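Reading through the structure tokens given below for one structure.
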Amino acid sequence: MKIILYLFTGIVILLALMAVIGALLPRKHTATRSAVFRQSPAMLYAVAADFAAQPSWYSGASAVEMLPPRDGLVCYRATSKHGAITFLVLENDPGKKLVTKIADESLPFGGTWTYEFLPAPEGGCVRITEDGEVKNPLFRFLGRFVFGYNATLETYLRDLGEKFGEDVTPQP
């Protein structure tokens with residue numbers, strides 16, 4: 001019985017320590033990753049902007065449902081193994097730039113993703129910048145020290161490369 005009590009106490013102390021460290025971390029962060037492809041910026045943009053088709057190539061989306069526009073903005077709900085998140089498209093400059101925002105303020109995190117489609121010597125480059133906010137201190141700890149702020153960006157870029165049969169290496 002003492003072992004169970006010690007184990008339980010240790011877990012509680014560990015979670016409390018993680019929450020305290022998380023509370024000391026900034027709520028907002030910026031992460032950027034880019035990759036070069038053998039595709040034109042226009043082709044890369046066309047795939048990225050086709051939200052409904054994401055589940056066919058992006059491992060971070062198992063389903064995407066296009067929703068009615070909100071305040072004139074494109075709106076969609078992406079479902080992953082972690083649940084569903086509703087996004088708004090804040091900016092859409094075909095072939096050049098796409099900005100999406102998490103539309104659900106009740107989530108413990110939020111922010112925007114800015115996709116830039118740039119020319120590169122042998123094709124195009126996609127640069128993604130996440131301007132995120134993590135409200136929950138425990139999630140801040142996990143995001144900073146366990147998962148990393150770049151993991152989702154890197155997965156997206158690698159999956160985009162696989163869509164075109166390319167092996168890309170995301171860079172800072």
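The values are calculated or read from the model by the stated rules, or taken from the named source; none is laboratory data. Just so it is clear, the model here is predicted, and its values are computed rather than measured. Every residue, glycine as well, gets a Cβ built from its backbone with ideal geometry; the counts of neighbours run over all protein chains shown.
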(request) Return yes or no: is Thr86 in contact (Cβ under 8 Å) with a residue 12 or more places away in the chain, surrounded by fewer than 18 Cβ atoms within 10 Å (Cβ to Cβ) and hydroxyl-bearing (Ser, Thr, Tyr)? (result) yes
(message) Quick check on my filter: what residues within the stretch 80-94 are at pLDDT below 95 and part of a loop (DSSP other than H, G, I, E, B)?
(response) Lys81, His82
(request) Among residues belonging to the stretch 54-79 that are assigned to a loop (DSSP other than H, G, I, E, B) and hydrophobic (A, V, I, L, M, F, W, C), point out the one that is nearest to Gly161 (Cα to Cα). (result) Trp57
(request) Spot the failing condition for Thr32; the list is (1) at pLDDT below 95; (2) in contact with a Ser or Thr (Cβ under 6 Å, 6 or more places away or on another chain), and only one is missed. (result) (1)
(request) Only residues in the stretch 17-43 that are touching a residue at least 40 places away in the same chain (Cβ under 8 Å) and more than 21 Å from Lys96 (Cβ to Cβ) count as the first member; pair them with residues that are surrounded by 19 or more Cβ atoms within 10 Å (Cβ to Cβ) and aromatic (Phe, Trp, Tyr), Cβ under 8 angstrom, at least 6 apart or cross-chain, and list the lot. (result) Met18/Phe141; Ala19/Phe141; Ile21/Phe141; Gly22/Phe141; Leu25/Phe141
(message) Residues that are without any contact (Cβ under 8 Å) to a residue 60 or more places away in the chain, within 26 Å of Ser56 (Cβ to Cβ) and of a type in the set (D, E, K, R): does the stretch 145-155 have at least one?
(response) no
(message) Going residue by residue through the stretch 23-34, is there one that turns out to be assigned to a loop (DSSP other than H, G, I, E, B) and within 14 Å of the chain's Cα centre (by Cα)?
(response) no
(message) If I go through the stretch 130-146 residue by residue, how many of them are crowded, with 16+ Cβ neighbours inside 10 Å and among the hydrophobic types (A, V, I, L, M, F, W, C)?
(response) 4
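Yes/no per residue for (1) aliphatic (A, V, I, L, M); (2) modelled with pLDDT under 95; (3) in contact with a Cys (Cβ under 8 Å, 6 or more places away or on another chain):
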residue	(1), (2), (3)
Val36	yes, no, yes
Ala53	yes, no, no
Arg77	no, no, no
Lys101	no, no, no
Pro119	no, no, yes
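So, Leu98, is that one touching a Phe, Trp or Tyr at 6+ places or on another chain (Cβ under 9 Å), crowded, with 17+ Cβ neighbours inside 10 Å and within 24 Å of Asp167 (Cα to Cα) or not? Full working, then the answer.
Numbers: touching a Phe, Trp or Tyr at 6+ places or on another chain (Cβ under 9 Å): yes; crowded, with 17+ Cβ neighbours inside 10 Å: yes; within 24 Å of Asp167 (Cα to Cα): yes.
So Leu98 passes the test.
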(request) Kindly provide the set of residues from the stretch 147-172 that are surrounded by fewer than 18 Cβ atoms within 10 Å (Cβ to Cβ), touching a strand residue (DSSP E or B) at 6+ places or on another chain (Cβ under 7 Å) and under 18 Å from Ile102 (Cβ atoms), ordered by number. (result) Tyr149, Asn150
(request) Inspect all residues belonging to the stretch 67-76 and state whether any of them is in contact (Cβ under 8 Å) with a residue 12 or more places away in the chain, touching a strand residue (DSSP E or B) at 6+ places or on another chain (Cβ under 8 Å) and within 21 Å of Glu154 (Cα to Cα). (result) no
(message) I need the full set of residues from the stretch 116-172 which are more than 12 Å from the chain's Cα centre (by Cα) and part of a strand (DSSP E or B), in order please.
(response) Glu116, Phe117, Leu118, Pro119, Ala120, Gly123, Gly124, Cys125, Val126, Arg127, Val134, Gln171
